[in-house]
1. Find how much the distance from R202 to H284 grows on full extension, using 0.36 nm per residue of separation minus their present alpha carbon separation; answer in nm with one decimal.
2. How would you classify the stretch 187-252 from its alpha-carbon gyration tensor, with a ≥ b ≥ c the square roots of the eigenvalues: rounded for a/c under 1.5, else prolate if a/b is greater than b/c, otherwise oblate?
3. Could you provide, to the nearest whole Å², the per residue accessible area of the chain with probe 1.4 Å?
4. Looking at the stretch 197-297, which trypsin sites (Lys or Arg not before Pro) are DSSP coil and have at most 15 other C-beta atoms within 10 Å of their C-beta?
5. Using the structure shown, select from K310/K418; K160/K314; K265/K310 the pairs with a Cα to Cα distance greater than 28 angstrom.
6. Label points 7 Å out from Cα along the Cβ direction at T261 and A457: separation in nm?
7. Within the stretch 232-330, what whole-number % of the accessible surface is contributed by carbon and sulfur, with the 1.4 Å probe and all protein chains included in the calculation?
8. Relative to the longest principal axis of the chain, what angle (0 to 90°, nearest 10) does the C-alpha long axis of helix 3-20 take?
Amino acid sequence: MNLRLAAALCAALSLCAVLAVPANFPALGGDARLTLAVFALATCAWIGTPIDDTYIALGAGLALTATGVISSDTLFGTLGEDTVWLLICAFVLAAAVARTGLAGRAAAFLVGGARTVRQLVHLTTAALVVTAFAMPATSGRAALALPVFLALAKVLADRKRLVVMLALLFPTVILLSAVATLIGAGAHLITVSVLWEATGDRIGFTQWLLLGLPLAVASSHLAAETVLLTTTRRADRAGPVRITAEEIQRHSESPVTGPWTQAEKRCALLLATVVALWCSEPLHRVSPAVVALIGAVVASSPALGTVRLKDALKTVPWSLLLFMAATMAMGVALADSGAAGWLVSGLPADVAPAVFLGVVVAVSTAAHLVLQSRSARSSVLVPLVIAAAVGAGVNPVAAALASTAAAGFCHTLPASAKPVTLFSDVPGVPTYTPRDLLRLSAVLAPLTALLVLFFAAAVWPLLGVPVTR
C-alpha cells in the first residue's frame, strides 16, 4: 500500500469513526452524518486509489440510496436531467463534424495566415477556442487537434523549441478555453445541476456563453503569450514561419482545400444553426437539450446526416455520463441532508466578498494537485462553495462559476489532465518535459487565478451576476 493511499484511508476512516459517535457534533442529523461519511470515503478513494472514478461515484450514490439519505428516484432521475441529454446529443453532433473535413479546413484557413511565430501562436489559439463549440470534451478536442499539431511539427522540424512550445500550447488552450460553453466540460454540467438543486438558480447555455466566452478568450490568449515567452528565446521567435495547406493536408484524411463536399456543407449549416439556436434561447425558449436532440437526429439521419447513429453513439463517453449522474445525486444529498451547511457553518460570517472569492479561486486552482478528475473536483468543491457563499452573503452563482472556471487549470503534471498526457508523448516529435510544465505552471497558475478573480469581481457584475446579493 503506497503512502498516499494509506494516508487517504486513515483520514476517511478516522472521520467516519468520529461521525459514528452520536455525542460528537450533536447538531448533525443522522442523514448528514451518513452523507459526510460516504462523501469522505469517496473523496479519499478518488485521491488515493487507482479505482475508476465512475465506479467510486456509483458506489457512493448506491450507498446514499441504500441508507435512505436519497430516494432511488433521485439517484436514477439524474440520468434524465436535460444537461445529460445535452451532452449526449453534443457528442453525436461532434461525431458528425469529425466525420467531415471541416476541422482540417478551418485549421488550414486560420493557421495558413501566420507569417510570424507570434501570429502562429495566437491564430492557433483562436482556432482551438472555436473548437469548444464543436466538440464537448477536452479529450475529444485534443484528439481532433493532434493531426494539426503533427503537421505544424513537421513543418517546423528544424526549430525544436517552437515544436515544444506548440506541444505545450495545444493542451493549455484546450483546457482553459473549455469554460467558453456549457458543454465544454462535464464539470460545467455538474455545477449547473448542483446550483439548481441547492439554490433554484439555473444557468442556461446563453448565460454561460455570455459569462464564459470572454473569460475563455482572455485566458487562452494570456496563456498563449505565457507559453511563448516561457518556452522560447528571442532568437526562436525571430524567424518567419510559413504553413501551407498542402503540409496540413498530409496529415488529414479529408481535403482541406478546394470545393466543399455536400456533406461538409450540410454539416456546417447544421452546426451553425444549432449554435445560433443555443445562443438565441431567450428568444424562442426552446431548451438547449431539445435543440441538440434535433441536431443529433438530423446529423445521423440517412438522408441528411454524415454519420450513422450507432457509430455516433459509440463516441459518447457513457462512463462520464454515469459519473455526472452519480455526483449530481451526491450533491443533492449534501444539500438536502444539511451536511454542506454544517461543514461551512464554522466559517466567519463577516468575511469580505473579495477575500471569500480569492480563497475559493485559490483552492479551486490548486485542487488538481489532489483530484485529477475535473468533474470530481467540481463534485467535491461546488456544493461546499455554494453553501459557504450563502452563509457569507456572496452570490452563490458567482462563487460556483469562479470555482469551476479556476478548476479548469490543471497543467502542473503530465497526468493532471488527458490533453496534457496526450501531447506529452507524441512518437517521433519533440515535446515538453515535466520541468517545462512546472515552469509554465509557476507563472500561469497565479495569472489565471487573478484573471478569474478579476472577471468575478469586475466583469460578471456588468453581465448580470453580482458578487453579493
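The values are calculated or read from the model by the stated rules, or taken from the named source; none is laboratory data. Just so it is clear, the structure is predicted and the values come from calculations on it, not from any experiment. Glycine also receives a Cβ, built like all others from the backbone with ideal geometry; neighbour counts cover every protein chain displayed. Calculation scope for accessible area: heavy atoms of the full protein, side chains included, ligands and nucleic acids excluded. Shrake-Rupley method; radii C 1.70, N 1.55, O 1.52, S 1.80 Å.
1. The span from R202 to H284 would gain 27.8 nm if fully extended.
2. Since a/c reaches 1.5 and a/b is larger than b/c, the shape of the stretch 187-252 is classed as prolate.
3. Working: 19380 Å² over 469 residues.
I get 41 Å² per residue for this part.
4. R202, R233, R242, R250, R285
5. Working: K310/K418 25 Å; K160/K314 37 Å; K265/K310 22 Å.
As for pairs spanning more than 28 Å Cα to Cα, those are K160/K314.
6. 5.2
7. Working: 3630 of 5600 Å².
It is 65 percent, rounded to a whole number.
8. The answer is roughly 30 degrees.
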